[in-house]
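Right, one structure below, let's go through it.
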Amino acid sequence: MTTQITSARPAAGPRKGTRRRPPASSATKVGRPGFAWALPAAVFFSLFAIVPLIMVAVLSFMSWDGLSSPEFVGMDNWSRLMDDPVMLKSIWLTLLLTALGVVMQTPLSILLGVWAAGHQRNRAVLSVIYFIPLLLSATAVSVLWRALLDPNFGIPADATWLFGDGNLFGEQATAIGVLAFVSTWQFTPFHTLIYQGAARAVPQVLYQAAEIDGAGRYRQFFHITLPQLRTSMITSMILMIVGGLTTFETVLILTQGGPGTDTTISAYYMYDKAFKSFDYGTGSAIALALVVAATIISLIVVRVSGYDKMRSSAEGVS
């Protein structure tokens, strides 16, 4: 009887210098979701944004009063806008209101956002009260301030020592000031939320190290907080610019473009041309010009600020 002895070979293992990869599974893979997840949103966006934009672009080369058949007129609508003094004035007023919105809202939003991100006493209660304008629509806010600033029955009627004759909508300077103030009152809480979330995301280690080095609150704010809020600041400014270029309800309810055409911004002039003068071709040209202008200005802000070169540190996002 013979016994066969076989020597067991050691199992082949990974070579030196090589890393063993974990088994691939759907649970361990981290990455972007597939296109199927974005399909419903893409369809919705196409139907209610892309398709209407294409129709507006086509209509800007037409002459249409809303009843008869559209007639192709080529560049006539655009050439008339170039020679229209009201249109040129509305562009200047739109840029002015947009700049005022950025200048007024940005510092307030940063200061309030950083404050709301702290742990002060009664901070939550005060934040809730301050965020109430964010819950109201632009129409409701405009109606509210129209009643409060009424020259006959509002606050100016009882404070003539401050407001003079009380008619804040009778002169261009005061009317523009009212529009800028109302927009700031309504939209500052929204941008405050952006800065509040960004301020809470700043690592506390940075502040602790600054305290060890003897830095006070002001130096911490300017050398730690503000640099860390850079990306949020760019996002907020882009939203302010786009919102300023497309402001409509506030002007419609508060001033209706007056006195005269002194507060007729481009969005309101579009409404006036399309729905008052029934010149839908010219109104569509103004609307398309606003879309192009908002896109170009946003791209310039992104390019100049270097926002397009920033990368997210979130897991699975490259």
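Looking at the structure I just gave you, is residue 108 under 18 Å from residue 189 (Cβ atoms), in contact (Cβ under 8 Å) with a residue 12 or more places away in the chain, touching a helix residue (DSSP H, G or I) at 6+ places or on another chain (Cβ under 9 Å) and open to solvent by 70 Å² or more (accessible area, probe 1.4 Å)? Before you say what the answer is, go through the steps one by one.
Numbers: under 18 Å from residue 189 (Cβ atoms): yes; in contact (Cβ under 8 Å) with a residue 12 or more places away in the chain: yes; touching a helix residue (DSSP H, G or I) at 6+ places or on another chain (Cβ under 9 Å): yes; open to solvent by 70 Å² or more (accessible area, probe 1.4 Å): yes.
Yes, satisfied.
From the residues in the stretch 155-171 that are within 22 Å of residue 100 (Cβ to Cβ) and hydrophobic (A, V, I, L, M, F, W, C), which one is surrounded by the fewest Cβ atoms within 10 Å (Cβ to Cβ)?
Taking the stretch 155-171 first, the residues within 22 Å of residue 100 (Cβ to Cβ) are 155-156, 162-164, 167-171.
Checking the rest, the ones that are also hydrophobic (A, V, I, L, M, F, W, C) come to 155, 162-163, 168-169.
Values: 155: 16, 162: 9, 163: 17, 168: 22, 169: 21.
Across the stretch 155-171, the extreme among qualifying residues is 162.
Restricting to the stretch 179-201, and then to whatever is of a type in the set (A, V, I, L, M) and part of a helix (DSSP H, G or I), can you tell me which residue is surrounded by the most Cβ atoms within 10 Å (Cβ to Cβ)? Before the answer, list the steps.
Residues of the stretch 179-201 of a type in the set (A, V, I, L, M): 179-180, 182, 193-194, 198-199, 201.
Within this subset, residues satisfying the condition of being part of a helix (DSSP H, G or I) are 179-180, 182, 193-194, 198-199.
Values: 179: 25, 180: 21, 182: 23, 193: 18, 194: 18, 198: 22, 199: 20.
This residue is 179.
What helices (runs of 4 or more DSSP H) completely inside the stretch 229-289 contain at least 3 residues that are under 30 Å from residue 113 (Cβ atoms)? Quick ask: steps written out before the conclusion?
Numbers: elements: 230-245, 249-254, 266-271.
Of the helices (runs of 4 or more DSSP H) lying wholly inside the stretch 229-289, those with at least 3 residues that are under 30 Å from residue 113 (Cβ atoms) span 230-245, 249-254.
If residue 292 satisfies all but one of (1) assigned to a helix (DSSP H, G or I); (2) in contact (Cβ under 8 Å) with a residue 60 or more places away in the chain; (3) under 21 Å from residue 55 (Cβ atoms); (4) open to solvent by 10 Å² or more (accessible area, probe 1.4 Å), what's the number of the condition it fails?
Going through the list (1) assigned to a helix (DSSP H, G or I); (2) in contact (Cβ under 8 Å) with a residue 60 or more places away in the chain; (3) under 21 Å from residue 55 (Cβ atoms); (4) open to solvent by 10 Å² or more (accessible area, probe 1.4 Å), residue 292 breaks only (2).
Inside the stretch 249-301, can you point out the residues that are more than 14 Å from residue 94 (Cβ to Cβ) and of a type in the set (Gly, Ala, Ser)?
Within the stretch 249-301, 258, 260, 274, 277, 281, 283, 284, 285, 298 qualify.
Could you tell me whether the stretch 211-230 includes any residue that is surrounded by 20 or more Cβ atoms within 10 Å (Cβ to Cβ) and either among the aliphatic types (A, V, I, L, M) or within 19 Å of residue 141 (Cβ to Cβ) (or both)? Don't jump to the end; show me each part of the working.
Taking the stretch 211-230 and keeping what is surrounded by 20 or more Cβ atoms within 10 Å (Cβ to Cβ), we get 225, 229.
Imposing the further condition that a residue be either among the aliphatic types (A, V, I, L, M) or within 19 Å of residue 141 (Cβ to Cβ) (or both) reduces the set to 229.
Among the residues of the stretch 211-230, at least one is surrounded by 20 or more Cβ atoms within 10 Å (Cβ to Cβ) and either among the aliphatic types (A, V, I, L, M) or within 19 Å of residue 141 (Cβ to Cβ) (or both), which makes the answer yes.
Given the options 174, 139, 94, name the one that is open to solvent by less than 40 Å² (accessible area, probe 1.4 Å) and among the β-branched types (Val, Ile, Thr). Break it down stepwise before answering.
Numbers: 174 fails: open to solvent by less than 40 Å² (accessible area, probe 1.4 Å); 139 fails: open to solvent by less than 40 Å² (accessible area, probe 1.4 Å).
Answer to the selection: 94.
The values are calculated or read from the model by the stated rules, or taken from the named source; none is laboratory data. A quick note: this is a predicted structure, and the numbers were derived from the prediction, not measured. Backbone-built Cβ (ideal geometry, glycine too); neighbour counts: all protein chains shown. Calculation scope for accessible area: heavy atoms of the full protein, side chains included, ligands and nucleic acids excluded. Shrake-Rupley method; radii C 1.70, N 1.55, O 1.52, S 1.80 Å.
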